[in-house]
Amino acid sequence: MTHQNTVYEATVPVALHVAAILDHPVVTASDPGHRADGRPAHLTLVHLLKWLGDTAYDADDACVALEERLYGPGYLDDHAAMRAFRDARPLMFSAVRKFLDHGDPDVRHTALVAAIPLVEHPALVPHRTALADHARSLLATSTDRHHRDRALNALKGWGHDVGGLETTSDVAARERCARLAAAHAARQGGFSQDPPF
């Protein structure tokens with residue numbers, strides 16, 4: 001369905017199926033067992049939301065821009081599966097948004113992270129204001145590095161000031177990422193063949 005950030009012909013129907021079953025009682029039921037704090041877990045729902053979000057990031061504007069730098073500005077013209085996935089983002093968003101206020105913070109935070117790349121679709125841009133509120137709520141409560149990075153990056157990308165929302169851990173992670181990017185840029189040209197390998 002997906003492999004190494006590639007959207008295939010099978011990706012779109014699977015993603016639409018996952019979106020369609022997100023609110024099925026079997027999926028939304030809490031899983032056997034509880035977390036250490038006694039709260040019920042919703043592992044199946046979290047895993048499906050995570051897969052949908054990860055796949056949406058594989059088709060986001062940044063990925064398309066990277067592909068266009070590598071292959072030219074007509075990249076989407078030659079990749080029907082990527083176009084189809086991006087066209088289906090409103091359908092996926094309508095399924096994911098139902099979980100933004102879920103009682104389980106793991107569910108609502110994963111739903112937010114999944115929703116962020118979906119609202120790049122032009123028809124969904126007005127939803128960014130509500131998602132920004134959810135992102136601020138996540139940043140006030142979550143210590144999950146991946147979730148925090150996605151929320152902070154989204155807020156920055158939407159023009160919000162995140163100065164008061166970043167923790168020392170966020171700043172350290174951002175600085176580490178900048179150092180790694182600089183080191184990677186310094187190594188460019190040292191490959192035996194040009195990307196993609």
Look through the stretch 31-56, keep the residues that are modelled with pLDDT under 95 and in contact with a Pro (Cβ under 8 Å, 6 or more places away or on another chain), and return whichever of them is farthest from Ala19 (Cα to Cα).
His34
Looking at the stretch 149-165, which of its residues are modelled with pLDDT of 95 or more and open to solvent by less than 30 Å² (accessible area, probe 1.4 Å)?
Ala151, Leu152, Ala154, Leu155
Could you list, in sequence order, all residues of the stretch 42-63 that are crowded, with 22+ Cβ neighbours inside 10 Å and among the polar types (S, T, N, Q)?
Thr55
Ala41: touching a Ser or Thr at 6+ places or on another chain (Cβ under 9 Å), in contact (Cβ under 8 Å) with a residue 24 or more places away in the chain and under 20 Å from Glu9 (Cβ atoms), yes or no?
no
Restricting to the stretch 1-30, and then to whatever is farther than 18 Å from Val96 by Cα and of a type in the set (A, V, I, L, M, F, W, C), can you tell me which residue is modelled with the lowest pLDDT?
Met1
Residue by residue through the stretch 116-148, note down the ones that are in a loop (DSSP other than H, G, I, E, B) and either more than 20 Å from Arg89 (Cβ to Cβ) or open to solvent by 60 Å² or more (accessible area, probe 1.4 Å) (or both).
Ser142, Thr143, Asp144
Qualifying positions in the stretch 76-97 - open to solvent by 50 Å² or more (accessible area, probe 1.4 Å) and within 21 Å of Asp144 (Cβ to Cβ)
Arg97
If you go through the stretch 10-22 one residue at a time, do you hit one that is more than 14 Å from His121 (Cβ to Cβ), touching a Leu at 6+ places or on another chain (Cβ under 7 Å) and assigned to a helix (DSSP H, G or I)?
yes
I'm trying to understand the selection: among the residues of the stretch 93-115, which are closer than 24 Å to Ala10 by Cβ and either out of contact with any His (no Cβ under 9 Å at 6 or more places or on another chain) or of a type in the set (D, E, K, R) (or both)?
Ser94, Ala95, Val96, Ala114
Here is a list: Thr143, Thr168, Thr129. Which entry is more than 15 Å from the chain's Cα centre (by Cα), at pLDDT 95 or above and more than 16 Å from Ala56 (Cβ to Cβ)?
Thr129
So is Val113 more than 16 Å from Asp23 (Cα to Cα), surrounded by 12 or more Cβ atoms within 10 Å (Cβ to Cβ) and not aromatic (Phe, Trp, Tyr) or not?
yes
Odd one out for Arg108 among (1) touching a helix residue (DSSP H, G or I) at 6+ places or on another chain (Cβ under 8 Å); (2) part of a helix (DSSP H, G or I); (3) open to solvent by less than 50 Å² (accessible area, probe 1.4 Å)
(3)
Can you run down the residue pairs with Cβ atoms below 7 Å, 6 or more apart or on separate chains, where the first is in the stretch 66-89 and within 19 Å of Thr11 (Cβ to Cβ) and free of Cβ contacts under 8 Å to residues at least 12 places away in the same chain and the partner is acidic (Asp, Glu) and assigned to a helix (DSSP H, G or I)?
Tyr75/Glu67; Tyr75/Glu68
Within the stretch 55-75, is there a residue that is under 17 Å from Ala123 (Cβ atoms) and in contact with a strand residue (DSSP E or B) (Cβ under 7 Å, 6 or more places away or on another chain)?
yes
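The values are calculated or read from the model by the stated rules, or taken from the named source; none is laboratory data. Because the structure is a prediction, the values reported are computed rather than measured. With ideal geometry, Cβ positions are generated from the backbone for all residues, glycine too; neighbour counts draw on all protein chains shown. Just so you know, the surface numbers come from the protein's heavy atoms only, side chains and all, with ligands and any DNA or RNA stripped out. Shrake-Rupley method; radii C 1.70, N 1.55, O 1.52, S 1.80 Å.
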